[in-house]
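Here is the structure we will look at, set down as C-alpha cells.
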Amino acid sequence: MKTEILRLLKETGGYISGQQLCDRFSVSRTAVWKAVDQLKKEGYEIEAVRNRGYRLAGSPDIISRAEIQSIVKTKWAGRQVIYYDETDSTNIQARLAGEKQAEHGTLVVADRQTAGKGRRGRSWDSPKGMCIYMTLLQRPFIAPAKAPMLTLVMALSAAEALIEQTGLPVQIKWPNDLVLNKKKICGILTEMSTEIQDINYVVTGVGINVNQEEFPEKIKKSATSLFLESGRHFKRSGLIASVMERYEKNYEMFMKTENLSELQNRYNKLLVNINRDVCVLEPQGEYSAHSSGINEQGELIVVTSEGEEKHIFAGEVSVRGIYGYV
C-alpha cells in the first residue's frame with residue numbers, strides 16, 4: 001500500500017484526501033496515516049492539511065523499493081524490486097534470487113556494495129548514496145551462447161536512457177562500458193546459470209557513477225560521474241526507471257531475432273570505438289587494428305595492419321584506444 005500511495009501522490013501532484021485513500025485501499029485512516037508516516041521517515045516531504053488531505057511537497061534522492069516501483073512504467077522489467085541499503089553485490093543477490101525462482105524481470109538494487117565486481121573479477125568501487133548499483137534477473141529462452149549479447153543490449157539501453165535523462169553525450173566502449181569525455185561512467189557485467197543447453201537465468205549488473213564529486217587517486221584519470229560532467233545532481237530512481245523502460249523495449253526487439261540486427265545501427269552510432277584505431281588485448285598477446293563497429297552477433301569487427309578482418313567476441317578479449325582508455 002505504501003508504494004501505491006506514493007505513486008498516487010506523484011501522479012496527482014495536488015492533495016488527496018485521507019478518505020479517498022481509505023476507500024481506494026479499503027483500510028482505516030490509521031493505516032493510511034501509518035503508511036504516510038513511513039514515507040516521511042524515509043525522507044519524503046508530505047504535507048497534511050485538514051479538509052484537504054495529503055500532498056507530496058518534495059522527494060529527495062531515494063532509491064527504496066517503494067520509490068522505484070512507484071515510477072517504473074514497464075510490463076516486467078523492474079516491476080519486482082529487491083532492495084538493500086547495503087549488500088555484498090547485487091549480482092550475487094540476483095543469482096541467489098534466481099536460485100529461489102524469482103520471476104523474470106526482478107531487479108535487485110543496493111545503495112552500497114561491499115564486494116562489487118567488474119569484468120574479469122576486478123573490484124568496483126561502491127560508495128554509499130551516490131551511485132546506481134542494480135542487477136536485472138532474466139529468464140530468456142535462448143541458447144546460452146547468445147546470452148553475452150544481453151550485455152550489449154543493456155549497454156545500448158543504459159546509454160540511451162542517460163542521454164535522454166541528462167542530455168550528456170554518453171557513448172559506449174565495446175563491449176560493456178559507458179563513457180563520457182573519454183572516462184568511464186558505467187560498467188556492465190552479465191553472468192548466467194545454465195543446465196546442459198538451457199539457461200536457468202541470466203543476471204545483468206549495472207553500476208553507474210551518478211553524483212560523485214571526486215574519485216580516488218588511482219582511478220580519477222579514467223573515471224567520471226554524471227555530476228562531474230554536468231555540474232548537476234540527478235535522482236537515481238528516475239535514471240533506474242528510464243534504463244528499465246529502454247531495456248524492456250530493446251530486449252523484446254532482441255528476442256524477436258535472437259541477435260542484434262534491429263539494434264546494431266543504434267549501437268554503432270554510440271560506439272566510441274567505431275572507425276578508430278584500437279589496441280586488441282587477447283590472452284596470447286595484443287595487436288593494433290582498425291575498428292568498424294559491431295556485427296549482428298555483437299562481435300567487434302576490426303582490420304589488422306596486415307589487412308586481415310577479424311570478428312572479436314568479448315569473452316577474454318579487451319579493446320582500448322591506442323593512446324589510452326578509449
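When both bridge partners sit in segment 175-326, DSSP labels roughly 95% of those beta bridges antiparallel.
Mind pulling the per residue volume of the convex hull built on the Cα atoms of segment 5-106? Å³ is fine. Could the numbers behind the result be given before it?
Numbers: hull volume 12.6 nm³, N = 102.
So the per-residue hull volume is 124 Å³.
Order by neighbour count: LEU96, LEU9, fewest other Cβ atoms within 10 Å first, most last.
On the way: LEU96 13, LEU9 24.
Arranged by neighbour count, lowest to highest, LEU96, LEU9 become LEU96, LEU9.
A Cβ-based charge dipole, computed about the Cα centre of segment 147-270 with Lys and Arg at +1 and Asp and Glu at -1, lands at about 640 debye. Considering only alpha-carbon pairs that sit under 8 angstrom and 6 or more positions apart, the relative contact order computed for segment 6-154 is 17 percent. Applying a threshold of 23 Å to the alpha-carbon distances of LYS146/LYS310; LYS184/LYS235; LYS146/LYS256; LYS75/LYS184; LYS34/LYS75; LYS73/LYS100 flags LYS75/LYS184; LYS34/LYS75; LYS73/LYS100 as lying beyond it.
The long axis of helix 149-166 is offset from the longest Cα principal axis of the chain by roughly 60 degrees.
Against the main long axis of the alpha-carbon atoms of the chain, helix 2-12 sits at an angle near 90°. Computing Rg/Rh (Cα atoms, Kirkwood Rh) for the structure here picks out one of [x] 1.02; [y] 0.97; [z] 1.11, namely [x].
Loop-located GluC sites (Glu not before Pro) across segment 204-289 with a Cβ neighbour count of 12 or fewer within 10 Å are GLU213, GLU214, GLU217, with loop assigned by DSSP.
List the longest stretch of the chain that has no exposed loop site; here a site is one of the chymotrypsin sites (Phe, Trp or Tyr not before Pro) assigned by DSSP to anything other than H, G, I, E or B, with at most 10 other Cβ within 10 Å.
Working: sites that count: PHE141, TYR323.
In the chain, the maximal stretch lacking such sites is 142-322.
Ordering GLY231, TYR247, ILE219 by Cα displacement along the dipole of segment 185-262 toward the positive end leaves GLY231 in first place; charges were set at the Cβ atoms of Lys, Arg (+1) and Asp, Glu (-1).
If the only charges are +1 at each Lys and Arg Cβ and -1 at each Asp and Glu Cβ, what is the size of the charge dipole of the chain around the Cα centre, to the nearest 20 debye? Please report the intermediate quantities before stating the final value.
Working: 43 positive and 40 negative charges, 246 e Å.
Computed charge dipole of the chain: roughly 1180 debye.
Helical content of the chain, expressed as a calculated mean residue ellipticity at 222 nm, amounts to -9500 deg cm²/dmol (DSSP H runs of 4 or more residues, -39,500 (n - 2.57) each, divided by residue number, nearest 500). Dipole orientation for the chain: of the candidates PRO144, TYR44, TYR54, TYR54 has the Cα lying most toward the positive pole (charges on Cβ; Lys, Arg +1; Asp, Glu -1).
The alpha-carbon of LYS40 sits under 18 angstrom from the alpha-carbons of these aspartates and glutamates, leaving out residues fewer than 8 places away in its chain: GLU4, GLU11, ASP61, GLU67, ASP85. Express as a percent, rounded to the nearest 5, the fraction of DSSP beta bridges in the chain (both residues included) that run antiparallel. Of all bridge pairs located within the chain, approximately 90 percent are antiparallel. Quick one: angle between helix 29-41 and the longest Cα principal axis of the chain, in degrees between 0 and 90, rounded to 10, please. Relative to the chain, helix 29-41 is tipped by roughly 40 degrees. Only the Cβ atoms of Lys and Arg (+1) and of Asp and Glu (-1) were treated as charged; on that basis the dipole of segment 24-171 about its Cα centre amounts to roughly 420 debye.
Each value in this text was obtained by applying a stated rule to the coordinates, not by laboratory testing. If you're wondering where the values come from, they're calculated on a predicted model, not measured in any experiment. Heads up, the Cβs are rebuilt from the backbone with ideal geometry, glycines too, and the neighbour counts pull from every protein chain shown.
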